[in-house]
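Beneath this line is the structure, given in structure tokens, with notes to follow.
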Amino acid sequence: MKCPAVQVSHWLVLFLLTDLTFTFLVWLLRPDVVGQVSLLILLFTGLVTAAGVWLEARRRRRVFREVERLLDQPDQEAKAALVQAAGGAWAGMAEELSTALAHQRTRINERTLELAAYRDYIEGWIHQIKTPLSLSTLVLHNHQGEMSPYVYERMSYVQHQINEHVERILYYARLQADHADYRFGLFRLDVCVKEVAEEYRPFAQERQADIALALAPMRVESDEKVVRFLFAQLLGNAVKYCNDRQGMISVSLWEEGDQVCLAVRDNGKGVPPEDAPFLFDKGFTGSYSDRQKATGMGLYLVKKYGERLGVGVRLEDGSTTGDGFGIRLVFMR
């Protein structure tokens, strides 16, 4: 915080009026010496003004330091120091400010504890819900022969959707943590992409869409689990918003100089140009009416975790022209 400058304009006006008054009186009494006396009066006024400004600035700096101290630690010692620096007239105000700050700090601490407890509960719930979800996956796989292909595909689709939402909640909760636990290592990005794409094929088939992969063998160093989540968010969005009749999602992986690029593109209607600057904002769903039921969290999480991992997240060219939509992830070698 910066200490405000001393305002001296009104004092200068008063001093000048006083100087003019005394100069006029001297002129009435001794017109022959009015020039010399006027010069002395102006010189004296300038010295007094400079001294006053310096003293006031010094007092203000001291008061400002004590105010900052009180804001940082609203205790009795800081309050007494502020009253001493500013004068006894500040005693009541300092008492009210100290009480309000102490109350506000207590509320902030309570809210912080509540938020931490809520985050722990959400993370615990997510880990607990994964057990029945895993069990349902096993049961669904073991009894596939007892269901018709249509029922099996529908059940797989629903279960995949539930897993995706649970994962998103988990990663959002982790994003709020003060110290995130990332595990960096070298892994095959093309293999990772293939595995996630296979998990999404039933979802794509339900949407009557096809996923085309063009993957060069590439190794990158990052947190593989988080990268899987990032790619899953992009692939899930592409499947949701591709063309309704002949949906096509293309996934490309290639090397470009010292960068490894992973692009996911669909053949949907893209986004309006005015929406592009806000695509990665939390909760932003865009202008299209058919997307108002979306959470607006997928691309937000991709952007935030990309920043944490040092992975670039870019909008592909042509995404605002109505000819598809794409996002590129850029890994540095």
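The values are calculated or read from the model by the stated rules, or taken from the named source; none is laboratory data. Here the structure is a predicted model, which means the values were calculated and not measured. Note: ideal-geometry Cβ built from the backbone for every residue, glycine included; neighbour counts use all protein chains shown. We work out accessible area using only protein heavy atoms, side chains counted, and drop any ligands, DNA or RNA first. Shrake-Rupley method; radii C 1.70, N 1.55, O 1.52, S 1.80 Å.
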- Residues of region 319-330 being of a type in the set (Gly, Ala, Ser) and open to solvent by less than 30 Å² (accessible area, probe 1.4 Å), which ones? Ser319, Gly324, Gly326
- Message: I'm checking my understanding of the structure. Among residues of region 166-194 that are open to solvent by 80 Å² or more (accessible area, probe 1.4 Å) and over 20 Å from the mean Cα position of the chain (by Cα), which one is farthest from Val311 (Cα to Cα)?
- Response: Lys194
- Item | Looking only at region 244-256, and only at residues there that are modelled with pLDDT of 90 or more and open to solvent by 60 Å² or more (accessible area, probe 1.4 Å), the one that is nearest to Pro202 (Cα to Cα) | Met248
- Output for region 308-317, where each listed residue is within 26 Å of Asp244 (Cβ to Cβ) and either open to solvent by less than 30 Å² (accessible area, probe 1.4 Å) or without any contact (Cβ under 8 Å) to a residue 40 or more places away in the chain (or both): Leu315, Asp317
- Item | The listed residue being more than 30 Å from Leu115 (Cα to Cα) and small (Gly, Ala, Ser), out of Ala177, Ala204 | Ala204
- Could you tell me which residue of region 257-269 is modelled with the highest pLDDT, considering only residues that are out of contact with any helix residue (DSSP H, G or I) (no Cβ under 7 Å at 6 or more places or on another chain) and over 18 Å from Ala216 (Cβ atoms)? Asn267
- Query: Which numbered condition trips up His160, out of (1) closer than 30 Å to Thr295 by Cα; (2) open to solvent by 50 Å² or more (accessible area, probe 1.4 Å); (3) touching a Phe, Trp or Tyr at 6+ places or on another chain (Cβ under 7 Å)?
  - Reply: (2)
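Restricting attention to region 276-285, does a residue exist that is polar (S, T, N, Q) and not in a helix (DSSP H, G or I)?
Restricting attention to region 276-285, the residues satisfying the condition of being polar (S, T, N, Q) are 285.
Checking which are not in a helix (DSSP H, G or I) leaves us with 285.
Among the residues of region 276-285, at least one is polar (S, T, N, Q) and not in a helix (DSSP H, G or I), which makes the answer yes.
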- Item | Residues satisfying the stated conditions in region 203-225, i.e. closer than 20 Å to Gly298 by Cα, surrounded by fewer than 20 Cβ atoms within 10 Å (Cβ to Cβ) and touching a helix residue (DSSP H, G or I) at 6+ places or on another chain (Cβ under 7 Å) | Arg207, Glu224
- Taking the residues in region 175-213 that are in a helix (DSSP H, G or I) and over 25 Å from Val151 (Cα atoms) as candidates, determine which candidate is modelled with the lowest pLDDT. Leu175
- Message: Condition (residue is among the acidic types (Asp, Glu), modelled with pLDDT under 75 and open to solvent by 70 Å² or more (accessible area, probe 1.4 Å)) applied to region 85-95: is it met by at least one residue?
- Response: yes
- Message: Taking the criterion of being at pLDDT 90 or above, of a type in the set (Val, Ile, Thr) and either more than 24 Å from Tyr200 (Cα to Cα) or open to solvent by less than 60 Å² (accessible area, probe 1.4 Å) (or both), would at least one residue in region 277-296 satisfy it?
- Response: no
- Message: Exactly one condition in (1) under 15 Å from Leu189 (Cβ atoms); (2) open to solvent by less than 60 Å² (accessible area, probe 1.4 Å) is false for Tyr305; which is it?
- Response: (1)
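Against the condition of a type in the set (Val, Ile, Thr) and over 22 Å from Gly312 (Cβ atoms), how does Val271 come out, does it pass? Can you show your working first?
Values: of a type in the set (Val, Ile, Thr): yes; over 22 Å from Gly312 (Cβ atoms): no.
It is false that Val271 is of a type in the set (Val, Ile, Thr) and over 22 Å from Gly312 (Cβ atoms).
Just checking, which of Ile327, Ile249 is in contact with a Cys (Cβ under 9 Å, 6 or more places away or on another chain) and β-branched (Val, Ile, Thr)?
Criteria check complete, one pass: Ile249.
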- Could you list, in sequence order, all residues of region 105-125 that are of a type in the set (Val, Ile, Thr) and within 26 Å of His165 (Cα to Cα)? Thr112, Ile122
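Return yes when Glu146 is acidic (Asp, Glu), on the phi < 0 side of the Ramachandran plot and open to solvent by 80 Å² or more (accessible area, probe 1.4 Å) and no when it is not. So that I can check it myself, show each step before the final result.
Working: acidic (Asp, Glu): yes; on the phi < 0 side of the Ramachandran plot: yes; open to solvent by 80 Å² or more (accessible area, probe 1.4 Å): yes.
Yes.
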- Taking region 227-243 only, how many residues are part of a helix (DSSP H, G or I), open to solvent by 10 Å² or more (accessible area, probe 1.4 Å) and either farther than 19 Å from Thr295 by Cα or of a type in the set (Ser, Thr, Tyr) (or both)? 2
- Item | Residue satisfying condition, being among the β-branched types (Val, Ile, Thr) and farther than 22 Å from Leu234 by Cα, within set Val166, Val191, Val151 | Val151
